[in-house]
Amino acid sequence: MRSWVFHPLIFYPLALILAVLAVTVSLKPQAWPRDPAPVAAASTQGALVFSGEAFDSPQPSPDQNLTVIRDYLGKAQTLRIAVHEDQQLPPTPNDRGVRLLLTPQDAAALNGRLLTVEVSFDALPVNAAQALAVSVQGDGPVAWASQPLPNENATLRFELPAQTNPNAIGLRAINAGGDAAFGVEITRIRIIPHA
């Protein structure tokens with residue numbers, strides 16, 4: 001006995017719809033890059049915390065690879081940055097790096113204040129960068145602070161000078177030598193403003 005599902009007027013359109021759905025899901029549109037946009041940080045005990053969805057739409061850098069690790073639904077989890085093999089010198093005041101854009105409220109909380117920036121990261125098993133540089137960017141010149149990256153998951157503390165009208169947090173992986181991109185996976189950034 002034939003089922004009505006196998007009638008050509010039902011089966012072929014249904015098969016076509018299922019094929020289109022399968023192709024659409026395999027392209028993972030939820031993981032496609034987003035346009036750079038400010039994302040609000042969580043405010044915890046007077047500090048601004050960027051993690052998870054706060055990594056949703058950073059501004060890429062021409063001298064680094066940028067990957068936002070997302071879950072199956074497209075929610076940002078972590079941020080991976082890797083310096084290109086031909087850009088392995090420490091950053092200069094002209095470099096901008098990968099930038100986490102600040103909302104006006106977050107920028108106002110950081111304006112003109114000395115900052116402690118804590119960056120938590122997971123060490124990559126292959127091609128791990130040797131150091132990480134961080135900056136707060138605004139109207140003044142970009143001042144980078146850098147520290148070597150240990151070979152294990154850790155949190156680094158950076159002391160940064162006050163910046164007028166800050167608009168972004170800059171991140172730059174550093175590696176000396178090598179013929180590949182070397183990077184780091186950032187899981188959390190905590191910014192503590194000081195009076």
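Near residue 145: Cβ cut-off under 14 Å, other residues only, Lys/Arg at +1 and Asp/Glu at -1. The net charge is -1. Apolar share of the accessible surface for the chain: 59 percent from carbon plus sulfur atoms, 1.4 Å probe. Probing with 1.4 Å while keeping every protein chain in the model, the per residue accessible area of the chain equals 55 Å². Amide H contacts of residue 138 (H built 1.01 Å from N, in plane; Pro and chain starts excluded): 167 sit under 5 Å, all sequence-distant by 5 or more or on other chains. Across the range 171-184, coupling constants 3J(HN,Hα) worked out from phi with the 6.51/-1.76/1.60 Karplus curve, θ = phi - 60°, read 10, 8, 6, 10, 8, 9, x, x, 10, 8, 7, 10, x, 8 Hz, and Gly and Pro carry x. Near residue 56: Cβ cut-off under 10 Å, other residues only, Lys/Arg at +1 and Asp/Glu at -1. The net charge is +2. As a length-normalised measure over Cα pairs under 8 Å and 6 or more apart, the relative contact order of the chain settles at 26 percent.
Calculated on C-alpha atoms, the gyration radius of the range 1-155 divided by its Kirkwood radius gives an Rg/Rh of 1.17. Packing around the peptides 72-78, 15-21, taken as the average count of other Cβ atoms within 10 Å per residue, puts them in this order, highest first: 72-78, 15-21.
From its DSSP helices (H runs of at least four residues, each -39,500 (n - 2.57)), the chain gives a residue-normalised ellipticity at 222 nm of -4000 deg cm²/dmol.
The values are calculated or read from the model by the stated rules, or taken from the named source; none is laboratory data. As the structure is a prediction and not an experimental result, all values here were calculated from the model. Because the Cβ atoms are built from the backbone with ideal geometry, glycine has one as well, and the counts that use them run over all protein chains shown. The accessibility values were calculated without ligands, DNA or RNA, using every heavy atom of the protein model including side chains. Shrake-Rupley method; radii C 1.70, N 1.55, O 1.52, S 1.80 Å.
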